[in-house]
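The values are calculated or read from the model by the stated rules, or taken from the named source; none is laboratory data. Note that the structure is a prediction, hence the values are computed from the model and not measured. Positions of Cβ are generated from backbone atoms using ideal geometry, with glycine treated the same way; all protein chains shown enter the neighbour counts.
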Amino acid sequence: MEKDISLNEKTSFKLENPEKLWNTSEESFQKVGKEQVDSLRKLIKEVNEQISNREVLSKNIFHECEILKTDINTFIGESKVVDPTDSKERTALRQKQIELAELQLNEKISCWKDIALLKKELREYQKELEDREERMNMLDKILEDKE
C-alpha cells in the first residue's frame, strides 16, 4: 500500500528552523579547526620524540657492542695460548667480535631506515598542519570580511 504524501498533510516531524541546519558560527569553525591543529601538533611532537628515542636506542646498542668488543680484545690479549683448545676459543671470540661489528652495522642501517620513515611521516603531518592553518586563516579572513 502506497501512501500519498502531499503538501496538505502534516509531517510527523518539524524542523524548528529549517534554514539553520548547521552551526556555522565563527566559534564552531574555530573550535573544530583548533582541535584539528592541536591534534596535528601533538602528532608532530610525538614523531619528533620517536626520532630522538630511536637515535638514543641506536647509540646505546652501538656503545654496548663496543664495550663487548673491548672486553673480548682485553681477554684475548691477556690470555696465553697453552693448548690447541685455547686457539679454538680465541678463534670463537674473534668470530664474536665480527658478529658484534655486523650487529653494529645492521643497527646503523636499521636506525637510518626507521628515522627516514619517521621523518617522512613527520613531513606529511607538517604539510597537513600548514594546510589546516592556511584554511583556518582563510576562513577567519572570510568571516572578518563578512562582518
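Go through the range 115-147 and give me each residue that's acidic (Asp, Glu) and touching a residue at least 60 places away in the same chain (Cβ under 8 Å). Let's see the steps before the verdict.
The initial filter retains those residues of the range 115-147 that are acidic (Asp, Glu), namely 121, 124, 128, 130-131, 133-134, 140, 144-145, 147.
Listed by number, the residues that qualify are GLU121, GLU128, GLU133, ASP140.
Looking at the range 119-145 only, could you name the residues that are among the polar types (S, T, N, Q) and closer than 14 Å to LYS45 by Cα?
Correct list: GLN126 only.
Does LEU143 meet the test of being part of a helix (DSSP H, G or I) and either in contact with an Asp or Glu (Cβ under 8 Å, 6 or more places away or on another chain) or within 30 Å of GLU35 (Cα to Cα) (or both)? So LEU143 passes the test. Filtering ASN137, ASN106 for residues that are of a type outside the set (Asp, Glu) and within 24 Å of the chain's Cα centre (by Cα) leaves a single hit, ASN106. Within the range 55-92, restricting attention to residues that are part of a helix (DSSP H, G or I) and in contact with a Ser or Thr (Cβ under 9 Å, 6 or more places away or on another chain), the residue that is modelled with the highest pLDDT is SER58.
Just one of the listed residues (ILE44, ILE76) is closer than 30 Å to GLU128 by Cα, β-branched (Val, Ile, Thr) and in contact with a helix residue (DSSP H, G or I) (Cβ under 9 Å, 6 or more places away or on another chain), namely ILE44. The condition (being surrounded by 11 or more Cβ atoms within 10 Å (Cβ to Cβ), in contact with a Lys or Arg (Cβ under 9 Å, 6 or more places away or on another chain) and modelled with pLDDT under 95) is satisfied by just one residue among GLN36, GLN30: GLN36. Residues in the range 90-120 that are surrounded by 15 or more Cβ atoms within 10 Å (Cβ to Cβ) and of a type in the set (D, E, K, R): ARG90, GLU107, ASP114. Filtered by the rule that a residue be closer than 15 Å to SER39 by Cα and polar (S, T, N, Q), the range 101-140 gives a lone residue, GLN126. Residues that are in contact (Cβ under 8 Å) with a residue 60 or more places away in the chain and in contact with a helix residue (DSSP H, G or I) (Cβ under 8 Å, 6 or more places away or on another chain) occur at least once in the range 107-114.
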